[in-house]
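Written out below as structure tokens is the structure these notes cover.
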Amino acid sequence: MTTVKLLVDGKHLLGEGVLWCERSGRLLWTDILASRLWCHTLASGETQSWAMPEMLATFALTLDDDRLLLGLASQLAWFHFSSGQVTPIVAVEADLHTTRINDGRCDRQGRFVFGTKSDAADRAPNCSFYRLNTDLTLERLPLSPVVISNSICFSPDGATMYYCDTISNTIRCCDYESLDKTVPVPVVAFNNDRLFADLHDQPGSPDGSTIDSQGGLWNAQWGGYRVVRFAPDGRIDRIIAIPVSQPSCVAFGGTGLSTLFVTTAREDLSELALESEPQAGGVFSIPLTDVRGLPEGRFQG
């Protein structure tokens, strides 16, 4: 039987963006709506947090353990743990006043890939996916516009990118850039865009994802009380029930990368709903015996 344990009872409005730093033994995540970065050190049990200048939706490890790459609402920036200083890098969608940065993850080549989210009432698909290259240039990726970018992750060999528009209730994938440079005819990045998983008959919508060492995709399903593992061919392989309705993101960490961590939210839950799920907004840990994760990608710039 799978054990799901409440690790940090954060009561976050919108816990998100969880990832593990194997060098420091720290679990990092954000409460987007509280504009706060959180950190839990497994060895000591200590939990810390830092206020951000605006909503923090996503972030990435870097080659410097004292520095994170932040995806704030309107910009990418550096954050230094030792000083608490936030240093801007580049604005994102400055001409669009109803969008913000949302989901993101480093690719296998050490570049930061992320997308945006629309807060407009008409929910028009005017958001995009971007890549911050190692020379700090920003490029818009040739993927279809979305309303809520999510589920960004990469196959173990880097050859496939996964992503979604949450409101579409599907997860898609496309060719990306394989780490295997011996392939005689390299694939063209972003070609062969295709359906990976259809969630229309499932109880939740796709939120944050991560890939394990076997190529399985683990997806937090918002509104579904669960995390789902999809096999590399898109079949549902495993379902883990979560005791709250809004799981938001997943990451592997801990000893041997054998623990799955899950952030959750209490955004828009009524008082009655919170009485039935008092742990909403907490961070959960799930020990696994047969699956291991991959080290989180680090931004190489």
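So which residue, out of T116, T58, T259, gets the largest mean-square fluctuation from a GNM of the chain using Cα contacts under 10 Å as springs? Of the options given, T259 has the highest mean-square fluctuation. In the context of the full set of protein chains, residues of the range 1-86 present 40 Å² of accessible surface per residue (probe radius 1.4 Å, heavy atoms only).
Rolled with a 1.4 Å probe across the full set of protein chains, the surface gives H200 an accessible area near 120 Å². Extension gain, A241 to S213: 0.36 nm times the residue separation minus the Cα-Cα distance gives 7.9 nm.
Averaging Cα coordinates gives a centre for the range 222-246 and one for the range 257-279; these two points are 15 Å apart. Taken one residue at a time, the phi angles of the range 197-206 give Karplus couplings (6.51, -1.76, 1.60, θ = phi - 60°) of 8, 10, 9, 4, 9, 9, x, x, 10, x Hz. Gly and Pro are set to x. For the pair A91 and E46, label points projected 7 Å from Cα toward Cβ lie 3.8 nm apart.
Tell me, what is the percent relative contact order of the chain, built from C-alpha pairs under 8 Å that lie six or more residues apart? Contact order relative to length: 19 percent. Sorted from longest to shortest, the spans of the Cα atoms of the range 142-197 along the three principal axes equal 38, 19, 15 Å. Applying the Karplus relation 6.51 cos²θ - 1.76 cosθ + 1.60 with θ = phi - 60° to the range 26-42 yields 3J(HN,Hα) values of 10, 9, 10, 7, 10, 9, 4, 6, 8, 6, 9, 8, 10, 8, 10, 8, 4 Hz, where x marks Gly and Pro. In this calculation the C-beta distance from R292 to A124 is compared with R0 = 45 Å, giving a FRET efficiency of 0.65. Treating r as the C-beta distance of K11 and S82 and R0 as 25 Å, the FRET efficiency rounds to 0.35. For the range 99-248, the per residue solvent-accessible surface stands at 38 Å², with DNA, RNA and ligands left out and a 1.4 Å probe. Placing a label point 7 Å from the Cα of E139 along the Cα-to-Cβ line, no residue of the range 160-175 has its backbone N under 14 Å from it. Couplings 3J(HN,Hα) of the range 58-65, computed from phi: 7, 6, 9, 5, 10, 5, 9, 5 Hz, in residue order, whole Hz [Karplus 6.51 cos²θ - 1.76 cosθ + 1.60, θ = phi - 60°; x for Gly and Pro]. Within the accessible area of the chain, the carbon and sulfur atoms contribute 52%, probe 1.4 Å, all protein chains present. Of L19, L138, the residue with the largest accessible area leads and the full order is L138, L19 (1.4 Å probe). Restricting the calculation to alpha carbons of the chain gives Rg and Dmax of 17.7, 60 angstrom.
Taking packing as the residue-averaged number of other Cβ atoms within 10 angstrom, the listed peptides 263-274, 158-169 run from highest to lowest as 158-169, 263-274. How large is log10 of I(q)/I(0) for the range 197-245 at q = 0.26, 0.27, 0.29 Å⁻¹ when the intensity is taken from the Debye formula with one equal scatterer per alpha-carbon? Debye curve over Cα of the range 197-245, log10 I(q)/I(0) at q = 0.26, 0.27, 0.29 Å⁻¹: -0.97, -1.04, -1.17.
Taking I239, I171, I32 as the candidate residues, the one with maximal mean-square fluctuation in a Gaussian network model of the chain, Cα springs under 10 Å, is I239.
Under a 5 Å amide H cut-off, with hydrogens placed 1.01 Å from N, T99 pairs with D119 among residues at least 5 apart or on other chains. Loop-located trypsin sites (Lys or Arg not before Pro) in the range 1-73 (DSSP state other than H, G, I, E, B) with a sparse environment of at most 12 neighbouring Cβ atoms within 10 Å: R23.
The values are calculated or read from the model by the stated rules, or taken from the named source; none is laboratory data. Source: prediction; values computed, not measured. Don't worry about glycine lacking a Cβ; one is built from the backbone with ideal geometry, like all the others, and counts go over all protein chains shown. Surface areas here come from the heavy atoms of the whole protein model, side chains and all, with no ligands, DNA or RNA. Shrake-Rupley method; radii C 1.70, N 1.55, O 1.52, S 1.80 Å.
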